[in-house]
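Read through the structure below, which is laid out as structure tokens, and then see the notes.
The values are calculated or read from the model by the stated rules, or taken from the named source; none is laboratory data. Since the structure is predicted, the reported quantities are computational estimates derived from the model, not experimental observations. Here the Cβ positions follow ideal geometry from the backbone for every residue, glycine too, while neighbour counts run over all protein chains shown. Accessible surface is based on the protein model in full, side chains and every heavy atom, while ligands, DNA and RNA are left aside. Shrake-Rupley method; radii C 1.70, N 1.55, O 1.52, S 1.80 Å.
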Amino acid sequence: MACGCRPSAAGRWRRSPTSRCGPATCGLSPTPSPELTSPRLIKSHLPYRFPPSDLHNGDSKVIYMARNPKDLVVSYYQFHRSLRTMSYRGTFQEFCRRFMNDKLGYGSWFEHVQEFWEHRMDSNVLFLKYEDMHRDLVTMVEQLARFLGVSCDKAQLEALTEHCHQLVDQCCNAEALPVGRGRVGLWKDIFTVSMNEKFDLVYKQKMGKCDLTFDFYL
């Protein structure tokens, strides 16, 4: 099975036993990875068109997690600043402008999310939204279990949901993550009025023909 997302959103690629790809630093490698037993799980940020044919012909299952782009760009900015290897020292305004102009790593978020959205009805694709996880985690866990063909009783479901709640709370409140990178509505703490207006304009231009919608606050 395989899964994908944009950086700072969340994603997993889990492969079928016949898959010929293995994990790599920046995505998927074309070489076999025999040390991974089935079922195999790989996280990736690659666009839909790049992974191996197993993903497109249905031999692998795909879980895609999308996050509203305003929260995502703030979290992505903080992620860049936290890594020595990236050493980004520009302002958030500059970073956001690069995001809107498709000038960051992994290319255009707008194209990335729309590619997967177009395949949301494929039998091997499950398209999820980060905000829905915060709104109703139980339903999302049940949805994942059905998609993966995993059976669990009520007690197991409750235990799993509680564990996931703890992970979500850690992402939202941990001191190690600046201003709670996992919160929904994070963007309101850093966007100026003019930035928000510009972002809305670009979003409308690039997503206007797509029926995908996001919750920007809960």
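Would you pick out the residues in the stretch 115-145 that are in a helix (DSSP H, G or I) and closer than 29 Å to LYS206 by Cα? Spell out the reasoning first.
Step one: filter the stretch 115-145 for residues in a helix (DSSP H, G or I), giving 115-118, 130-135, 137-145.
GLU115, PHE116, TRP117, GLU118, TYR130, GLU131, ASP132, MET133, HIS134, ARG135, MET140, listed by residue number.
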Review point. Can you pull out the residues in the stretch 48-99 that are modelled with pLDDT of 90 or more, among the polar types (S, T, N, Q) and more than 27 Å from LEU148 (Cβ to Cβ)?
Key: THR91, GLN93
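Which one is surrounded by the fewest Cβ atoms within 10 Å (Cβ to Cβ) among residues in the stretch 191-216 that are aliphatic (A, V, I, L, M) and in a helix (DSSP H, G or I)? Spell out how you get there, then give the answer.
Within the stretch 191-216, the subset aliphatic (A, V, I, L, M) is 193, 195, 201-202, 207, 212.
Now drop any that are not in a helix (DSSP H, G or I), which leaves 193, 195, 201-202, 207.
Details: VAL193: 7, MET195: 17, LEU201: 11, VAL202: 17, MET207: 18.
Among those residues, the one meeting the criterion is VAL193.
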Exercise for review: Please go through the stretch 31-48 and pick out each residue that is in contact with a Cys (Cβ under 8 Å, 6 or more places away or on another chain) and in a strand (DSSP E or B).
Suggested key: LEU41, ILE42
Check your understanding: Any residue at all in the stretch 124-135 that is farther than 24 Å from TYR76 by Cα, surrounded by 14 or more Cβ atoms within 10 Å (Cβ to Cβ) and within 16 Å of the chain's Cα centre (by Cα)?
Key -> yes
Check your understanding: If PRO51 passes every condition in (1) open to solvent by less than 20 Å² (accessible area, probe 1.4 Å); (2) in a helix (DSSP H, G or I) but one, which one does it miss?
Key -> (2)
Review point. Got at least one residue in the stretch 152-161 being of a type in the set (A, V, I, L, M, F, W, C), surrounded by fewer than 18 Cβ atoms within 10 Å (Cβ to Cβ) and in contact with a His (Cβ under 8 Å, 6 or more places away or on another chain)?
Key: no
Review point. Within the set of pairs 6 or more residues apart or between chains, which connect a residue that is under 14 Å from LYS206 (Cβ atoms) inside the stretch 83-105 to a residue that is assigned to a loop (DSSP other than H, G, I, E, B) and open to solvent by less than 40 Å² (accessible area, probe 1.4 Å) with Cβ atoms less than 7 Å apart?
Key: ASP102/SER108
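So for the stretch 60-78 (the condition being in contact with a strand residue (DSSP E or B) (Cβ under 7 Å, 6 or more places away or on another chain) and assigned to a helix (DSSP H, G or I)), does at least one residue qualify? Give the derivation first.
So the first thing to find is which residues in the stretch 60-78 are in contact with a strand residue (DSSP E or B) (Cβ under 7 Å, 6 or more places away or on another chain), and the list is 60-66.
Those still in the list that are assigned to a helix (DSSP H, G or I) too: none.
No, that holds for no residue.
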Practice item. Within the stretch 79-114, work out how many residues are closer than 20 Å to LYS209 by Cβ, open to solvent by 60 Å² or more (accessible area, probe 1.4 Å) and not in a helix (DSSP H, G or I). Key: 1
Check your understanding: Does SER123 satisfy the condition of being among the hydroxyl-bearing types (Ser, Thr, Tyr), farther than 22 Å from PRO69 by Cα and free of Cβ contacts under 8 Å to residues at least 40 places away in the same chain?
Key -> no
